[in-house]
Amino acid sequence: MKNIAVFASGNGTNFSAIARAVKNGRIKANLALLVCDQPDAFVIKRAKAAKVKAVLIKREDFSSNCDFELKIIEILKENKIDLIVLAGFMRIIGKELLETYKNRIINIHPALLPSFKGAHGIKDAFNYGVKVTGVTVHFVTNDLDGGPVILQEPVPITNKDTLKSLEEKIHKVEHELYPQAISLILRGKMKLKGRKVIIQ
Ligand code: GAR
């Protein structure tokens, strides 16, 4: 059984969706670890409730990003982590993690990449006035929000939508799409060909 680690900084609804999918067998893996960088993040409470080991690693406790990531890698190795799942982890992944876990780090983004990159994907799409936005699951590379796309799902924006209703629609899609992508990867159904992800 493969071990997965979720990295999160905030609320953690995606963490909970993944934990549920592991529990009901939709994802056949062990949710071995939550890595969190924010002491007050609600996701830590979610991990406790789900009986998932949580580690808090604060960037300010380290003198460099490199040292911060080396500590994370040490913990990931101790826990024999095979796949890193970023779920609202609001930090840029650096060289150390990218090299050690090459093609084994994935992220979820609340827009149809390459549109609306960055930390405010939902709001940026809403304010821009696009009629369709969505959710993207992608591999993490040194190109920020620019790694190979694994799965995408569109979400229409109607005249009736408010930012809040759009956020709710996006999160609902995320909670389905992320477990689906994780399951495909763990079952070996995905092959990288250049920057294209082939799903078999
Ligand atoms: C999610 O909407 C995720 O797509 C977004 O953070 C949210 C975390 O929600 N990630 C990014 O914007 C990454 N650029 P959650 O804490 O409830 O899972």
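Some points to look at:
- Top-ranked residue of segment 108-133 - restricted to ones that are under 17 Å from residue 13 (Cα atoms) and not hydrophobic (A, V, I, L, M, F, W, C), ranked as farthest from the ligand (Cβ to nearest atom): 120
- Strands (runs of 3 or more DSSP E) enclosed by segment 131-200 - at least 1 residues per element that are of a type in the set (Asp, Glu) and in contact with an Asp or Glu (Cβ under 9 Å, 6 or more places away or on another chain): 149-156
- Any helices (runs of 4 or more DSSP H) falling wholly within segment 1-107 and containing at least 1 residues that are modelled with pLDDT of 95 or more, more than 16 Å from the ligand (Cβ to nearest atom) and not polar (S, T, N, Q): 13-23, 65-78, 95-100
The values are calculated or read from the model by the stated rules, or taken from the named source; none is laboratory data. Keep in mind that what you see is a predicted model, and the values were worked out from it rather than measured. Glycine also receives a Cβ, built like all others from the backbone with ideal geometry; neighbour counts cover every protein chain displayed.
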